[in-house]
Amino acid sequence: MAFKKVLLLSVVFAHQALSTPILEPRIFQTISTRDTAILFDAPAFQDPKNPNNYVASFRAFAFKNLVDISDVVDDLVDFIEGFGINIGNSLNILENHAQLFGAIGLPFKEIPVRIDGCSIQAELDETELLPNLGMLEQDLSVGTCKTGPLNAQVVLESPDTRKFQAVVFPSPPTGFGIISDIDDTIKISNVLDTVATIKSTFLEEPRFVPGMPDLYKSLKTSLQSPQFIYLSGSPFQLYPTLRQFINTNYQPGPILLQNLTFVNIPGVLNFIQGTPFDFKSERINTIHGWYPAKKFLSIGDSTQSDPEIYAAAFKRFGGNFIQCIWIRKVDGAANSNERFAAAFAGVPANKFRIFTDPAELMGINVAAGEC
């Protein structure tokens, strides 16, 4: 099976990289015409060492497609049909969503980045070997920047004219931001139903939760262009699909997803349907490090552990950071009063709201302290 080939090739490639003499790492340095890279949209925040400068939190992935995408699609078809699901006319959608699932990460790749509107070109460190093969995460000063969003791209060596592009979102240290979950908060994912999750992930174009695009549009105005940050337990292989969905229906912003660099199909499903308490909590800690003086509205749903995650963040950092929590109540989830009472124990009642219809939230003056 192709996915077994991906996993095997990943292990073999990592072993070969480990066996390469330390004195000869230069062969891995640049992104060649045989390689591919993704530069993820990045937040940028005030440099604590120099308030006139910004620091961008970069994330990039260098890879090769060592397995033919048709083999990956064949494996996905076998997996999906094993649940009694008819692929029907959705093969083109499946092929589009599967593009990154045949990717093998490349370690030791340097990824220089140019940001239009910032004074410093970022020279990122080499991509990782282990545990996140081919991935790179790094905070770097980008100097003084114009107000964003700002276009960024990987600097490739001539004659390579491909464009690996992203957007950098500078945001001031104060004001408002929004931390938003994705699955079943703004996108219909049906994470409580395995068959429906498979369909929404691989066989359907993403669909927004009714009313949520209008709500987010209103928040952009009422909170004066807050920093939108999207946080999901889904694997980064879904990033292109989720980015297009968010940029089409919502306010653009950085999307923080989990690393899944050794691919297997059940693992993808587990990531989507799992309870990513530690991952989301750690990312919220990181967001607090970026913007310790900014106030955040946190929006999630009741299917997984968003109430517990956001409440824990409120108790950890206080109401000056997590100013308000909105939880969408999803049919079929654990929506008991006892669950919410336990989750929000220690959080003032005027700091969170459980809602069903996004229209309930229109007109709430979060900027004035309402929730």
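Select from the stretch 120-164 the residues that are touching a residue at least 60 places away in the same chain (Cβ under 8 Å) and polar (S, T, N, Q) and write down the one among them that is surrounded by the most Cβ atoms within 10 Å (Cβ to Cβ).
THR127
Answer yes if at least one residue in the stretch 62-81 is in a loop (DSSP other than H, G, I, E, B), surrounded by fewer than 22 Cβ atoms within 10 Å (Cβ to Cβ) and among the aromatic types (Phe, Trp, Tyr), and no otherwise.
no
Is it the case that the stretch 187-202 has a residue that's under 30 Å from GLN138 (Cβ atoms), without any contact (Cβ under 8 Å) to a residue 24 or more places away in the chain and out of contact with any helix residue (DSSP H, G or I) (no Cβ under 6 Å at 6 or more places or on another chain)?
no
Out of THR194, THR174, which single residue is in contact with a Lys or Arg (Cβ under 7 Å, 6 or more places away or on another chain) and polar (S, T, N, Q)? Lay out the reasoning, then the answer.
On the way: THR194 fails: in contact with a Lys or Arg (Cβ under 7 Å, 6 or more places away or on another chain).
Result of the check over THR194, THR174: THR174.
State all residues of the stretch 161-205 that are among the hydroxyl-bearing types (Ser, Thr, Tyr) and either in a loop (DSSP other than H, G, I, E, B) or on the phi > 0 side of the Ramachandran plot (or both); if no residue qualifies, say none.
Narrowing the stretch 161-205 to residues among the hydroxyl-bearing types (Ser, Thr, Tyr): 161, 171, 174, 180, 185, 189, 194, 197, 200-201.
Correct list: THR161, SER171, THR174, THR185, SER189.
Could you list all residues from the stretch 353-364 that are open to solvent by 50 Å² or more (accessible area, probe 1.4 Å) and either part of a strand (DSSP E or B) or among the β-branched types (Val, Ile, Thr) (or both)?
Going through the stretch 353-364, the residues open to solvent by 50 Å² or more (accessible area, probe 1.4 Å) turn out to be 353-354, 356-357, 359-360, 362-363.
ARG353, ILE354, THR356 - these are the residues of the stretch 353-364 that are open to solvent by 50 Å² or more (accessible area, probe 1.4 Å) and either part of a strand (DSSP E or B) or among the β-branched types (Val, Ile, Thr) (or both).
Identify the residue in the stretch 300-320 that is hydroxyl-bearing (Ser, Thr, Tyr) and under 16 Å from PHE355 (Cβ atoms) and, among all such residues, is surrounded by the most Cβ atoms within 10 Å (Cβ to Cβ). Before you say what the answer is, go through the steps one by one.
Pass one, the stretch 300-320, residues hydroxyl-bearing (Ser, Thr, Tyr): 302-303, 305, 310.
Filter once more, keeping what is under 16 Å from PHE355 (Cβ atoms): 302-303, 310.
Working: SER302: 24, THR303: 24, TYR310: 29.
Filtering the stretch 300-320 for residues that are hydroxyl-bearing (Ser, Thr, Tyr) and under 16 Å from PHE355 (Cβ atoms), the one surrounded by the most Cβ atoms within 10 Å (Cβ to Cβ) comes out as TYR310.
Among the residues of the stretch 212-227, count how many are farther than 21 Å from THR303 by Cβ and either open to solvent by less than 30 Å² (accessible area, probe 1.4 Å) or of a type in the set (Ser, Thr, Tyr) (or both).
Within the stretch 212-227, the subset farther than 21 Å from THR303 by Cβ is 214, 217-227.
Next, from what is left, pick out any that are either open to solvent by less than 30 Å² (accessible area, probe 1.4 Å) or of a type in the set (Ser, Thr, Tyr) (or both): 218-219, 221-223, 225-227.
Here the count works out to 8.
May I ask you to say which residue of ILE246, ILE272 is modelled with pLDDT of 90 or more, in contact with a strand residue (DSSP E or B) (Cβ under 8 Å, 6 or more places away or on another chain) and in a helix (DSSP H, G or I)?
Values: ILE272 fails: modelled with pLDDT of 90 or more.
One residue alone meets the criteria, ILE246.
Under the condition of being in a loop (DSSP other than H, G, I, E, B), small (Gly, Ala, Ser) and touching a residue at least 12 places away in the same chain (Cβ under 8 Å), which residue from the stretch 307-334 is farthest from LYS351 (Cα to Cα)? Spell out how you get there, then give the answer.
Taking the stretch 307-334 as the starting set, the residues that turn out to be in a loop (DSSP other than H, G, I, E, B) are 318-321, 329-334.
In the following step, the residues that additionally are small (Gly, Ala, Ser) were identified as 318-319, 332-334.
Next, from what is left, pick out any that are touching a residue at least 12 places away in the same chain (Cβ under 8 Å): 319, 332-334.
Working: GLY319: 8, GLY332: 25, ALA333: 22, ALA334: 21 Å.
Once the filter is applied, the top-ranked residue is GLY332.
Just name the residue that is nearest to THR194 (Cα to Cα) out of those in the stretch 38-93 that are free of Cβ contacts under 8 Å to residues at least 40 places away in the same chain and of a type in the set (A, V, I, L, M).
VAL77
Which one is nearest to the chain's Cα centre (by Cα) among residues in the stretch 321-335 that are over 15 Å from LEU223 (Cβ atoms) and open to solvent by 10 Å² or more (accessible area, probe 1.4 Å)?
ARG328
Within the stretch 190-199, is even one residue closer than 22 Å to GLN237 by Cα, open to solvent by 10 Å² or more (accessible area, probe 1.4 Å) and acidic (Asp, Glu)?
Checked against the condition, which is being closer than 22 Å to GLN237 by Cα, open to solvent by 10 Å² or more (accessible area, probe 1.4 Å) and acidic (Asp, Glu), the stretch 190-199 yields at least one hit.
Select from the stretch 49-61 the residues that are of a type outside the set (Gly, Ala, Ser) and either farther than 24 Å from ARG114 by Cβ or assigned to a strand (DSSP E or B) (or both) and list them in ascending order.
Of the stretch 49-61, the ones of a type outside the set (Gly, Ala, Ser) are 49-55, 58-59, 61.
Those that are of a type outside the set (Gly, Ala, Ser) and either farther than 24 Å from ARG114 by Cβ or assigned to a strand (DSSP E or B) (or both): ASN50, PRO51, ASN52, ASN53, TYR54, VAL55, PHE58, ARG59, PHE61.
Among residues belonging to the stretch 88-119 that are open to solvent by 10 Å² or more (accessible area, probe 1.4 Å) and part of a loop (DSSP other than H, G, I, E, B), point out the one that is nearest to ALA166 (Cα to Cα).
ASP116
If you scan the stretch 343-358, which residues turn out to be hydrophobic (A, V, I, L, M, F, W, C), within 21 Å of PHE176 (Cβ to Cβ) and under 26 Å from the mean Cα position of the chain (by Cα)?
PHE352, PHE355
Identify, from the list ILE354, ILE325, the residue that is of a type in the set (Val, Ile, Thr) and in contact with a Ser or Thr (Cβ under 6 Å, 6 or more places away or on another chain).
Numbers: ILE354 fails: in contact with a Ser or Thr (Cβ under 6 Å, 6 or more places away or on another chain).
Answer to the selection: ILE325.
Residue check: is PRO266 in a loop (DSSP other than H, G, I, E, B) and either modelled with pLDDT under 95 or closer than 22 Å to ALA42 by Cβ (or both)?
Details: in a loop (DSSP other than H, G, I, E, B): no; either modelled with pLDDT under 95 or closer than 22 Å to ALA42 by Cβ (or both): yes.
Criteria not met by PRO266.
The values are calculated or read from the model by the stated rules, or taken from the named source; none is laboratory data. Keep in mind that this is a model prediction, so the values were computed, not measured. Please note: Cβ atoms are built from the backbone with ideal geometry, for glycine as well, and neighbour counts cover all protein chains shown. These area figures cover heavy atoms from the full protein model, side chains too; ligands, DNA and RNA do not enter into them. Shrake-Rupley method; radii C 1.70, N 1.55, O 1.52, S 1.80 Å.
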